[in-house]
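Throughout, read-outs are computed from the coordinates displayed, never taken from laboratory work. What you see is a predicted model, and the numbers here were worked out from it, not measured in a lab. Note: ideal-geometry Cβ built from the backbone for every residue, glycine included; neighbour counts use all protein chains shown.
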Amino acid sequence: MRLKGDSVSQTTSLVLPQNQTIKIFVAAGRSQGMEFELFRPLMTIGRLGGGADIEIDDPEASRLHCAIEVRRDAILLHDLGSTNGTYLGDSRVLVTRLEQMSKFRIGSSFLQLTISPPFSRGVA
């Protein structure tokens, strides 16, 4: 899959939200308990040794399985043409929006998105 020039320029202009830390936590699977902080607005997730930004020990995951894209108004999960698919609940997804505590599956691993502090409304 090739990205057009416009898509690439939009991706490089994205910024992570200030005062928020976005993490991916491995809730179940061989890498259970591992946690990864998103430090760029577009990061890939895949099998250990496959060259993804975030690598998990799961032989059922593709080398570059999916990507998390952080936009100003949304966090998106993109399947990258993986062999076994990316799932939110029981539904296979190509692209979907993630919310605080969303769980998704790649291979036999379940991952969870956490945002902290979660959308603070100010100090009391």
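Based on the mean of other beta carbon atoms within 10 Å per residue, what is the order of 27-33, 43-49, most packed first?
Top to bottom by mean Cβ count within 10 Å: 43-49, 27-33.
Quick one: net charge around Ser108, please, counting Lys, Arg +1 and Asp, Glu -1 for every other residue with C-beta under 12 Å from its C-beta.
Here the charged neighbours net out to 0.
Sort 65-72, 101-108, 77-84 by packing, meaning the average of other beta carbons within 10 Å per residue, with the highest value first.
Averaged packing, sorted descending, gives the order 65-72, 101-108, 77-84.
Below 11 angstrom from the Cβ of Val93, what's the summed charge of the other residues (Lys, Arg +1; Asp, Glu -1)?
Local charge sum for Val93: +1.
Starting from the Cα-Cα distance between Val95 and Arg30, subtract it from 0.36 nm times their residue separation and give me the gain in nm to one decimal.
Length gained, Val95 through Arg30: 20.9 nm.
Using alpha-carbon positions, what is the distance between the centroids of region 49-113 and region 27-46, in Å?
Distance between centres, Cα-based: 9 Å.
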